[in-house]
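Novice: Input: one structure, supplied below.
What follows draws every value from the coordinates through simple rules; no lab data is involved. Everything numeric in this text was worked out from a predicted model, so none of it was measured. Cβ coordinates were reconstructed from backbone atoms using ideal geometry, including for glycine residues, and neighbour counts include every protein chain displayed.
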Amino acid sequence: MPELPEVEVTRRSLGGRLAGATVRKVRLGKPLRWPLGVEPRVLVGAVLGEPQRRGKYLWLPLAAGAPQGPGSGPSARGGLLLHLGMSGSLALLAAPPPPGPHDHFDLVTDRGTLRLTDPRRFGAVQWAPAIDAPPAAARLAPLGAEPFDPALTAATLHAALRGHGAAIKSVLLGGRVVVGAGNIYACEALFAAGIDPRTPAERLGRVRCARLLAALRATLARAVELGGSTLRDFQDAHGVAGAFQREAAVYGRAGEPCRRCGAPIRRLVQAQRATYWCARCQR
Ligand SMILES: [Zn+2]
């Protein structure tokens, strides 16, 4: 499943090339998770802005362009909210081949075709008049803090965890306090921070919150770096996690010796997801 680092790598790879592009045509394939919410033809002529990311969503701002010929009104403003779902990936193609059975959205622009390929179709592209207007606002409302937002500090994390009696691993995975800690990244960050994944979230003091936040940021930054360096034209939604997993300290290593202390890495299931941890290094 594409996680925050994959989406961030996608955003960076598209950003410079898409900003300023004019929409020429929109092609829809099979229905995605949510309807587009606008007539495709009213997007024609719109000019794309710099893509933004919020959690695992991308927001493609649209500015109204010149009317596209006599009788046509101004193009839609607002923007497109994109989600890669379970299996989606985005590519900007200079000379796109004819759409295949899993290509469900093409945004044809004068800078190339932005194509969403999504075999499982849990992904979505949805228009909204603004990022803070419906339906985009409702999609983004449940999201926790952005991990790299400077406003997120040990103190604010500590305060946000108050009242969360569930295990810190599950709270991270839920994404309501902070986004971005998918399973592999939550396991690795907790190991790096030396925190037992079973610890009730509200029991973490300021010092451990500071260690956890630093570890989460370092873990996600490393994943983005791996994605940026290994997948220049990002097309494989699982590529970043795959590259990251090869250097994982605990994730997927049950029974193998801890790279720090040599004790066997343990595995347990929390909230239906596998957790990997070192009982000696994580307290
Ligand atoms: Zn260890």
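Novice: What do you reckon, is Val42 closer than 20 Å to Ala136 by Cα and touching a Lys or Arg at 6+ places or on another chain (Cβ under 6 Å)?
Specialist: Answer is no for this residue.
Novice: Could you list, ordered by first residue, the pairs with Cβ atoms under 7 Å in which the first is in region 260-271 and free of Cβ contacts under 8 Å to residues at least 60 places away in the same chain and the second is of a type in the set (Gly, Ala, Ser) and within 15 Å of the ligand (Cβ to nearest atom), at least 6 apart or interchain?
Specialist: Every condition considered, the pairs that remain are Ala263/Ala279; Pro264/Gly255; Ile265/Ala254; Ile265/Gly255; Arg266/Ala254; Arg266/Ala279; Arg267/Ala254.
Novice: What is the one condition in (1) touching a residue at least 12 places away in the same chain (Cβ under 8 Å); (2) surrounded by fewer than 21 Cβ atoms within 10 Å (Cβ to Cβ); (3) outside any loop (DSSP other than H, G, I, E, B) that Gly16 does not satisfy?
Specialist: Failed condition: (1).
Novice: To continue, here is another question. Only one of these conditions is not met by Leu84: (1) touching a residue at least 24 places away in the same chain (Cβ under 8 Å); (2) hydrophobic (A, V, I, L, M, F, W, C); (3) surrounded by fewer than 18 Cβ atoms within 10 Å (Cβ to Cβ). Which number is it?
Specialist: (3)
Novice: For region 123-188, which helices (runs of 4 or more DSSP H) that fit wholly inside it have 3 or more residues that are without any contact (Cβ under 8 Å) to a residue 24 or more places away in the chain and either touching a Leu at 6+ places or on another chain (Cβ under 8 Å) or under 30 Å from Val207 (Cβ atoms) (or both)?
Specialist: Filter on region 123-188 gives 154-161.
Novice: Condition first: within 16 Å of Val26 (Cβ to Cβ), touching a Phe, Trp or Tyr at 6+ places or on another chain (Cβ under 7 Å) and among the aliphatic types (A, V, I, L, M). Now tell me which residues in region 95-136 satisfy that.
Specialist: The answer is Leu116, Ala124, Val125.
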